[in-house]
Amino acid sequence: MSKVNGLTRRASLALAASFSALPVMGLPGTAQAAPVRGGKMVYGRYADSLFLDPVLNDANVDIWVMTNLYDTLLLPTNDGVGVQPGLATKWEMKNGGKTLELTLREGVKFADGAPMTADDVKWSLDRCRNPKNGPWTDLVASIDSVSIASPTMIVLVLKHPDPSILAALATFNTAVLPKKLFEAAPGTTDEEKAKAYAEKPVGTGPFMLSSWQRGVSMKLVRNPHYWKKGEDGKALPYLDEVEFQIIPDDSTRLLKLKAGELHGTEFVPYSRVKELKAEKDIRMELWPSTKVSYITLNCHPKLKDGTDNPLSNVKVRQALNYAVNKDAIIAIVTQGLGVPMTSFMSSTTPLHHKQTLYKADVAKAKALLKEAGFPNGFETSCMMVAGNQDGLNTLTTLQQMWAAIGVKLKIEQLDNPSLTKRYRAEDFSMRTASWTNDISDPGEITTYFAYFPNIGSLHSGWQNKKVDALYLASNEEVDVKKRAAQYKEIQEIYAAEAPIVFLYETPYPVAFRKNALGFVQIPLGNNLFETAYVAK
Amino acid sequence: MRAKIPLAIGMALLLLMLVCAAVPSWFAPYDPLEFDFAALLAAPSPEHLFGTDQFGRDMLSRTIYSARIDLQIAVFAMGGPLLIGSLIGLLVGWYGGWADAVFGRLADVVVTFPFLVLVIAIVAILGPGLINMYIAVACVGWVVYARLMRGEVRVQKAADYVAAGRVLGYSTGRILFRHVLPNAVRPVLVYAVTDMALAILLGSSLGYLGLGAQPPEAEWGALIADGRNFFTTAPWVSLTPGVAIVLAGLGFSLAGDGLAALLDVKR
Amino acid sequence: MNRGAWLLGRLAQIVPSFLLIGVVVFVLARLLPGDPMSAMLGDHASDATIARLNAQLGLDQSIPVQFLAFVEGIFRGELGVSIAYRVPVTQLIAERLPATLILTGLSAVIGIVVAVPLAFIAAMRENQWPDLVIRSVFQVGLSTPIFYVGLLLLTVFAAQLHLFPVGGYGEGWADHLWHLFLPACTLAFSFAAILMRSLRGAILQVLTAEFVDFARAKGLRSRLILGRHVLRNALIATVTLVGLHVGSLLGGAVITESVFAVPGVGRLMVESIFARDYPVIQSLTLVLAVLVSLAFLVTDIVQMWLDPRVGR
């Protein structure tokens, strides 16, 4: 959902959290004493979920909480870069990377008590890769067939070796659903059934939905059949209940936390982090993320109104980048919590290639503009979602910085659908945006940012044949070193061509009462409550 | 005599606002758009009497320069509805009949919509910005003026001087605009003065939603909305424009009340 | 014209108004740029997906056809299904309406309780210091942005003093009232100011009116004069104003509900506009219009009952 963060297509993986390695070194949430069982945790969210079907949803508000209801065959590790056993306990690549054998965990039950079968797994995988089913099918497009070798063995035959297939099997859209229950849902099409089923979803995750008042609150209760064990050797989750309260206003959400009416809350504005760190009853957690914030530039030779587009000139785009002092932006917009981008993908993305991107240099920016034929600058505009403080702060700062090289920036605040409409029609000069990965692989972000045939490189119109070819080759490259070399080249070309203005990476700022512990948010964004608990 | 004190205070406040809007550079110690990275969110001090915002911009200067935008909002967001509404009210009040019936239904429609929601919808259609905001307000706000004017015109229509004008053979236009209008316009004008305070408040509500004045232009409401994240840590960011907006509102209301008393308009 | 006929005429006027409101809201909703699907699916959904979902929702049909379907639905008592939340609009409105009704009702009560006695004091002491103080305080109320008032009340009375919960709605009647007290005060702030001002004016007018002199001349004690004439006339003014301001209270609820996280229809309305959730925008507008019209009607009836001159 782009309300807060610009880009919509972000999301996350499925479940997570290994039992033993929960308090990962260097990550915020810490469980020191023995966790307390029972009780309820109240968590404030900025927006409600919309559609709790893993396959047909399209928004982070769904994806980031869905992993509490469903499991996937593999699970992302808490650092977000690897995979670990999930509903499958073992996996083996055969036939030169074209066959994948997965051994299913035994004794797994759905929240209604029915056992999970190989049939459910095959049906779920076939459903999520059906090209008619929503936006996520690309992630599993390499699967040619799914078959049941035995009641505990699933075999995937791939069209070609796929370096991201394991990550894909740890991504939310491959979650296992109970086939019988889904098919028994009212409706004739898959979509109608999904709608009915998602009202009362049943999965193998740690919680199940108990009540949901749209836009107000959502209550999850403990799944008594959950398969994962806690530190005490008994079944997770620790909590009996998680209640999500929907409070869109940042100030109100934080006041509720301070007053003790919430145990925790997400999306703490950067401007409030320092203040909350100083509160004695509150613990600020900054979880490493895959989030990058940037400005998308329209690179088409002409704008939609037919006028020449200065941004089509690579030197102009470089000049705009050189004129930006990322450190100053980070200080103002994120209150010092961010770090400068070092590639178009976040440093937490596998195969990220670190570069120093456009160190602020106003003289160089001016020289480049002059070479490009704009010695006196030009006028341009940037769209943003109305009322978004981060976007507003960023653009207000850019307005000043670009004024120094003669570029006059007009800020256009639009409501979300208006902005999306113009973005999709490629009728814009610039827009603010941010991105988080849904899968622990560089392929997803690259297909949106750099690979033209997908969506025209963020609808910028920028195309580089070399990048397109490298990307296609990398999709079938299972040799990690060779794939890394391909990605290095893609990232270098992208940086030099600058179809975006590189800004910053930021962590996920989450705040909790001191006695609310054990929450985990992985870099892909997933909120994990299975090991959360409220101390006395 | 005492009745004139509020009027005097009101006029003084408005005059202050007017002067700030006309020559902000006389009062503002800094360029309102100038960043100061050494003084981000600085507390009030001799250098920055009312502190700075997250960009290190001087809040006093920002607030003073914003008077220009707010005054513009007050005038235009009131002026459009005033002109359109008065004209419609004048005509339907005079002619009555089916025009009056159509007006009645239209007015019902407009007043049954929640005002703010309608304005938000219109601004969403036209795109954010001050001009579109004026258009949106005009689409909704004319009804009050039309109703006031219509009521007044219907009273005046029965007055002796109208009959006298007819006898003298004056054209309808002449009677309407030279005689009825001046006599009927007082309550409308008095309402208009208080309406300006409401216009500024509406601007601030839209600023809260990001749909009002677009940066770097700023009006007080947007400044307050900007500062709401610093409400506890740096209250001066929202307090300075907050005080300005209250003073301006006070100015318009006091002036409106005073004027009403002076012109003996029933409210 | 007798009163019954007057009432019938008044009711007959409402019907074309509703039709007009239906048309206006329908057209306005469709004029909003963008469509629900791209609002919901975001930046990168494929065009084919959007087209398919739009077809499912009937949004690919011509505007008149869609309008007829909408009107037909109303007569069958079906308001459609929310595009964003995928639940029936009637359910959504039924869940959200009570909070807004309690909020506006409570704020009207608070406004009246505060404004009426103060208006009397101000009018009795016209242009003396109680009058000036009361008026100035209320002017401040009239000139402060509503979200600022809300934030102030929240910070002081909820977060610092812990006298009230920080927003929300609670469960059960007493809890609702307790949760909605601060937001209702926020809403009442400007309403009380408007009410106080008009009421003060109305009382002053009555006090100087001839029939009070006449009553005095008849030798009625001044307290009785107050009781009979002034109160009644003040009551008429109050009722008129409350009725007229139901609409603006509902509108003010939009921002109050966001600040206080109250799950009411004001917030739902704005969210639906931003989500291009046509069925919710349309139905909710109609429901609100019905409510406001009802308030106007009740106002008229009460006025008629209090003041025999009306409706003759």
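Here, each number is a calculation from the coordinates, and none is a lab measurement. Given the structure is predicted, the values throughout are model-derived calculations rather than measurements. Reconstructed Cβ throughout: ideal geometry from the backbone, glycine too, with neighbour counts over all protein chains shown.
Some observations on this one:
- Remark: relative contact order (region A:289-507) = 35 percent; criterion is Cα-Cα distance under 8 angstrom and separation of 6 or more residues.
- Here the spin labels are modelled as points 7 Å beyond Cα on the Cα-Cβ line, and at A:Val362 and A:Asp79 they lie 4.2 nm apart.
- Sequence-distant aspartates and glutamates (8 or more away, or on other chains) whose Cα lies within less than 19 Å of A:Lys277: A:Asp250, A:Glu261, A:Glu266, A:Glu285
- Once the chain from A:Asn515 to A:Ser211 is taken as fully extended at 0.36 nm per residue, the excess over their C-alpha distance is 106.9 nm.
- Cα-Cα P(r), chain B, percent of pairs per 10 Å interval: 7, 25, 28, 21, 11, 5, 2, 0
- Full-stretch length increase - A:Phe378, A:Ala184 - with 0.36 nm per residue and alpha-carbon distance subtracted: 63.7 nm
- Per-residue [θ]222 nm for chain B (sum of -39500 (n - 2.57) over DSSP H runs n ≥ 4, rounded to 500): -24000 deg cm²/dmol
- A:Val36 paired with C:Ala69, simple spin-label distance in nm, labels 7 Å along Cα-to-beta-carbon: 5.3 nm
- Note on C:276-289: average number of Cβ atoms from other chains within 10 Å of each residue's Cβ is 2.
- Rounded to the nearest whole Hz, the Karplus-based 3J(HN,Hα) values (6.51 cos²θ - 1.76 cosθ + 1.60, θ = phi - 60°) of region A:508-521 follow the sequence 7, x, 10, 10, 10, 5, 4, 8, 9, 10, x, 6, 10, 10, with x at glycine and proline.
- For region A:166-246: rounded, prolate or oblate by the Cα gyration tensor [a/c cutoff 1.5]: oblate
- GNM top mover of C:Glu72, C:Glu271, C:Glu257 - chain C, alpha-carbon springs below 10 Å: C:Glu72
- Sparse packing (at most 14 other Cβ atoms within 10 Å of the Cβ) combined with a DSSP loop state is found for none of the GluC sites (Glu not before Pro) in region A:323-415.
- When the convex hull of its Cα atoms is viewed from all sides, region A:289-507 shows a mean projected area of 11.2 nm².
- In region C:118-202, the trypsin sites (Lys or Arg not before Pro) that fall in loop regions by DSSP, at most 14 other Cβ within 10 Å: C:Arg125
- A simple rule links phi to the HN-Hα coupling: the Karplus curve 6.51 cos²θ - 1.76 cosθ + 1.60 with θ = phi - 60°, which for region A:70-84 gives 10, 10, 10, 4, 10, 10, x, 6, 5, 7, x, 9, x, 10, 9 Hz, with x for Gly and Pro.
- Gyration tensor analysis over the Cα atoms of the protein assembly as shown returns equivalent ellipsoid semi-axes of 56, 33, 28 Å (largest first, whole Å).
- Here's the list of lysines a cross-link from A:Lys421 could span, going by alpha-carbon distance under 17 Å and ignoring same-chain residues fewer than 8 apart: A:Lys3, A:Lys304.
- Entries of A:Lys90/A:Lys229; A:Lys359/A:Lys408; A:Lys364/A:Lys410; A:Lys258/A:Lys354 with Cα pairs more than 30 Å apart: A:Lys258/A:Lys354
- Our summary of shape: the Cα atoms of region C:1-156 have principal axis extents of 71, 54, 26 Å, ordered from largest down, in whole angstrom.
- Orientation-averaged projected area, Cα convex hull of region C:89-306 (nm²): 14.0 nm²
- Partner chain coverage, peptide A:416-428 - average Cβ within 10 angstrom: 6
- With θ taken as phi - 60° and the Karplus curve 6.51 cos²θ - 1.76 cosθ + 1.60 applied, the whole-hertz 3J(HN,Hα) list for region A:282-290 is 10, 10, 8, 10, 10, 8, x, 10, 10 Hz, x standing for glycine and proline.
- Eligible lysines near A:Lys200 by straight Cα distance, threshold 16 Å, same-chain separation 8 or greater: A:Lys179, A:Lys180, A:Lys219
- With the simple model of a label 7 Å out from the Cα in the direction of the Cβ, A:Lys304 to A:Asp144 spans 4.3 nm.
- Calculated FRET efficiency for the pair A:Lys408/C:Leu152, C-beta based, R₀ 41 Å, to 0.05: 0.60
- Taking the convex hull of the alpha carbon positions in region A:424-536 and averaging its projected area over all directions gives 9.8 nm².
- Pairs beyond 18 Å (Cα-Cα), from A:Lys302/A:Lys326; A:Lys94/A:Lys482; A:Lys40/A:Lys536: A:Lys302/A:Lys326; A:Lys94/A:Lys482
- Contact order relative to length of region C:89-306, as percent, for alpha carbon pairs under 8 angstrom and 6 or more apart: 29 percent
- GNM result for chain B, Cα springs below 10 Å: residue of B:Gly173, B:Gly256, B:Gly242 fluctuating most strongly: B:Gly173
- Percent of beta bridges antiparallel (DSSP, region A:289-507, rounded to nearest 5): 60 percent
- Helix A:118-129 axis versus longest C-alpha principal axis of chain A: approximately 20°, rounded to the nearest ten.
- DSSP-defined beta bridges in the protein assembly as shown - what % are antiparallel, rounded to 5: 80 percent
- Residues listed by number, region C:230-265, amide nitrogen under 19 Å from C:Glu171 label point at 7 Å toward C-beta: C:262-264
- By the count of neighbouring beta-carbon atoms within 10 Å, fewest first, A:Leu517, C:Leu152 end up ordered C:Leu152, A:Leu517.
- Helix C:3-31 axis, angle to chain C major axis (alpha carbon atoms, nearest 10°): 40 degrees
- Pair-distance profile P(r), taking every C-alpha pair of chain A, with 10 angstrom steps and integer %: 4, 18, 28, 25, 17, 6, 1, 0
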